[in-house]
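**Student:** Dropping the structure in here first, questions after.
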Amino acid sequence: MKFPQRLVAALIALPLVLAATGCVVAPASPPPAPQHHPAYLHALTDLREARWNLEHRPGNAAVNGQEDVAIVEIDRAINDAKTAAMEDGKNIGQHPPEDARLDWRGRLHHADELLRKARNDVGQAESNGAAVELRNRVIGHIDAAIAATERAIHIIEQGA
């Protein structure tokens, strides 16, 4: 199909006329780069896996009590980490693979390892001053979960 010469000329001239009259709108600037935040998504993956390991391990009442404490703290850490990740513009539906590898010593040890990996991920420097308090809460919950998991491991090692 052949375009009429007047149409072609008009299409070529239009941008020139608009530019000369100042009617051209500059392209939108790119969105600001997301600030660097701790690796919340990796921490969430490790926290979920640690929770699963604690929840699916048989044990006695003393160990179960410590596991329950750890699970509550993990749940709190997950909720705060989700909030921090969403505030950072991260897709919390994205689930990267866990950082830790099962060491065959058992689910408690694996949960402990995952919690430490999550602690390391979240403990990175925070460039958003408004999110520092939230990050610190996540760290506090993870630390409490680690302590409860270590107490459970100690109970088992003592033969209780």
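**Student:** Looking at region 120-160, which of the residues that are open to solvent by 80 Å² or more (accessible area, probe 1.4 Å), charged (D, E, K, R) and within 19 Å of Ala81 (Cα to Cα) is farthest from the chain's Cα centre (by Cα)?
**Tutor:** Glu133
**Student:** Looking only at region 77-101, which residues are outside any helix (DSSP H, G or I) and either modelled with pLDDT of 85 or more or open to solvent by less than 80 Å² (accessible area, probe 1.4 Å) (or both)?
**Tutor:** Within region 77-101, Asp88, Gly89, Lys90, Ile92, Gly93, Pro96, Glu98, Asp99, Ala100 meet the criteria.
**Student:** List the pairs whose first member sits in region 125-146 and is touching a residue at least 24 places away in the same chain (Cβ under 8 Å) and more than 20 Å from Arg51 (Cβ to Cβ), whose second member is crowded, with 20+ Cβ neighbours inside 10 Å and of a type outside the set (Ser, Thr, Tyr), and whose Cβ atoms are under 6 Å apart, counting only residues at least 6 apart or on separate chains?
**Tutor:** Between residues of region 125-146 that are touching a residue at least 24 places away in the same chain (Cβ under 8 Å) and more than 20 Å from Arg51 (Cβ to Cβ) and residues that are crowded, with 20+ Cβ neighbours inside 10 Å and of a type outside the set (Ser, Thr, Tyr), the close pairs are Glu126/Arg135; Ala131/Ala84.
The values are calculated or read from the model by the stated rules, or taken from the named source; none is laboratory data. This is a predicted model, so every value here is computed, not measured. All Cβ positions, glycine included, derive from the backbone under ideal geometry; neighbour counts span all protein chains shown. Ligands, DNA and RNA are excluded from the accessible area calculation, which covers all protein heavy atoms including side chains. Shrake-Rupley method; radii C 1.70, N 1.55, O 1.52, S 1.80 Å.
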